[in-house]
Amino acid sequence: MNLAAFKVHVVEDEIEIRELMSLHLSRQGYHVTESGSSEEALDKMKTHKFDLLILDWMLPGMSGVEFLDRLKTHSTQSRVLMVTAKSEPQDIVFGLEKGADDYLTKPFDPSVFLARVKVLLRRSGQQETVAQNIFDIDGLKINFDTYEVSLKGQPLHLTPSEYKLLAILIQHQGRVLTRDQLIERVQGEGISVTGRTVDTHIFGLRKKLAEWADHVDTIRGIGYRYKSDVNLPS
Ligand code: CA
């Protein structure tokens, strides 16, 4: 994947942090631009397309969260990595539910920052693959048309709720989904899921996935995500 092809826009009012993030990103070969406020970033988005926005929460004027609200009215394909000094689970859940794809709390380690960026960009690069109706990675295969799931060629018998949860996590792979977001997406089609049962269904799902269970990552106090980078049995 040609990293230089990715356009990353840093929205951060603290100059030192902004320059530091830009420096780390540029060294990776990304095309980096910056804004010191939400207003400035929105203005640039009228004429520029960004693959990823690094978005500070606490900004003068329009906050990062208000910016996310504004983004919804734009038909943007940009991924959003929220960077925040807020580290309470309820703040993070709030940010994710507002539409951030992932979050990072300040102060952060540059290597963790770059790893998060890479995952989000890889996912945006994978959009076309994910849009196809068959997911087939590391021996885990899902046919979204026929609802068939198999592991290394062996059919996996999932309950409708387990299937739905797995499919949703995979369709948003890399992204943390809160319990409420999962419930919202799983609900309907004859399936009733509540906060408590999400955990039970995930437990059942992980059990059936056996050695592949580590792909379904628990984010304590927040929710779950499908992680593509795990050490699998060979
Ligand atoms: Ca700030």
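The values are calculated or read from the model by the stated rules, or taken from the named source; none is laboratory data. Just so you know, these numbers come straight off a predicted model, no measurement behind them. Positions of Cβ are backbone-derived with ideal geometry, glycine not excepted, and every protein chain shown enters the neighbour counts. Surface accessibility is based on the protein's heavy atoms, side chains included, excluding ligands, DNA and RNA. Shrake-Rupley method; radii C 1.70, N 1.55, O 1.52, S 1.80 Å.
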*asked:* Positive end of the dipole of the chain, charges at C-beta (+1 Lys, Arg; -1 Asp, Glu), about the Cα centre: which of Val93, Asn133, Leu177 has its Cα farthest in that direction?
replied: Asn133
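Which value, in Å², gives the accessible area per residue of the range 128-226 when a 1.4 Å probe is used on the protein heavy atoms?
Ligands and nucleic acids excluded, the result is 52 Å² per residue.
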*Gaussian network model of the chain, Cα springs within a sub-10 Å range: biggest mean-square fluctuation belongs to which of Ala85, Ala210, Ala41?*
Ala210
*Full-stretch length increase - Glu39, Asp69 - with 0.36 nm per residue and alpha-carbon distance subtracted*: 9.5 nm
*Let me have the 222 nm mean residue ellipticity of the chain computed from DSSP H runs of 4+ only, each contributing -39500 (n - 2.57), with the sum over all residues rounded to the nearest 500.*
-13000 deg cm²/dmol
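Remind me, relative contact order of the chain in percent, using alpha carbon pairs under 8 angstrom and six or more residues apart?
Values: 350 pairs, mean separation 30.0, N = 234.
Relative contact order, the chain: 13 percent.
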*Looking only at Ile183, Ile137, Ile92, which one moves most when the chain is put into a Gaussian network model with springs between Cα atoms under 10 Å?*
Ile137
_Sites Asn143 and Asp180, calculated FRET efficiency, Cβ-Cβ separation with R0 22 Å, nearest 0.05_ = 0.20
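Report in % the part of the accessible area of the chain that belongs to carbon and sulfur, leaving out ligands and nucleic acids; probe 1.4 Å.
Details: 6060 of 11970 Å².
Carbon and sulfur atoms account for 51 percent of the accessible area of the chain.
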_Relative contact order for the range 1-51, counting Cα pairs under 8 Å that sit 6 or more residues apart, in percent_ = 46 percent
_Cα shape, the range 47-102, gyration tensor, a/c 1.5 rule_ = prolate
